[in-house]
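In what follows, a single structure is set out as structure tokens and then discussed.
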Amino acid sequence: MHTYSDPWCVGAWMTANPETVPPNTPVRDAFYRMRSGGFRHLIVLDGGRLAGIVTDRDLRRPDLSTDPDGWDEWYRLDTDYEVKDVMTRDVATVRSHTAIEKALNMFVRRKFGALPVLDKKNQIIGILTTHDALRALAKIMAEYGDVMRRRAAKKTE
């Protein structure tokens, strides 16, 4: 049985119980929630089910003025937009027992910044961000890097 302590699985590295918002959340509220919480991704739930993900990047838009006077000029923070207008709807996900290297490959291949983590009932239990994945890679390299380097050196001999 999988435990969250298995360092080779997503569950050991994910952030459990991530912040979520409903699709009708004003983007201004989502942005300030991200900013005050110190994160860049919010999972969007509609009726308790995964509907999408919104990132701080989703809120960005080209600056239309030559003299921005605040965040509203750089981000789509007016009251006309809700999270559902800017979120990514077709979201790739992983499970807590997914191998960390599979998640790393998804980040690299598809240029994701975060992956929602689902349980067997497709309920959100966590989020794996690139920061989480880098923590995993750093820890694994610290523990096994010398072995991997020696093995790679033998292959080149």
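The values are calculated or read from the model by the stated rules, or taken from the named source; none is laboratory data. Given the structure is predicted, the values throughout are model-derived calculations rather than measurements. With ideal geometry, Cβ positions are generated from the backbone for all residues, glycine too; neighbour counts draw on all protein chains shown.
The C-beta contact set for region 142-157 (first residue more than 20 Å from PRO7 (Cα to Cα), second residue β-branched (Val, Ile, Thr) and part of a helix (DSSP H, G or I), distance under 6 angstrom, 6+ apart or interchain) is empty.
Within region 1-13, the set of residues being touching a helix residue (DSSP H, G or I) at 6+ places or on another chain (Cβ under 9 Å) and either of a type outside the set (D, E, K, R) or surrounded by 18 or more Cβ atoms within 10 Å (Cβ to Cβ) (or both) comprises HIS2, THR3, TYR4, SER5, PRO7, TRP8, CYS9, VAL10, ALA12, TRP13. Every listed requirement among (1) surrounded by 12 or more Cβ atoms within 10 Å (Cβ to Cβ); (2) more than 25 Å from ASP56 (Cα to Cα); (3) of a type in the set (A, V, I, L, M) is met by VAL147 save one, (1).
Once region 97-142 is narrowed to residues that are in a strand (DSSP E or B) and of a type in the set (Gly, Ala, Ser), the residue that is surrounded by the most Cβ atoms within 10 Å (Cβ to Cβ) is ALA114. Considering each residue of region 72-85 in turn, none proves to be assigned to a strand (DSSP E or B), modelled with pLDDT of 95 or more and not aromatic (Phe, Trp, Tyr). Annotation: of all residues in region 14-58 being in contact with a strand residue (DSSP E or B) (Cβ under 6 Å, 6 or more places away or on another chain), outside any strand (DSSP E or B) and touching a residue at least 60 places away in the same chain (Cβ under 8 Å), the one that is surrounded by the fewest Cβ atoms within 10 Å (Cβ to Cβ) is ASN24.
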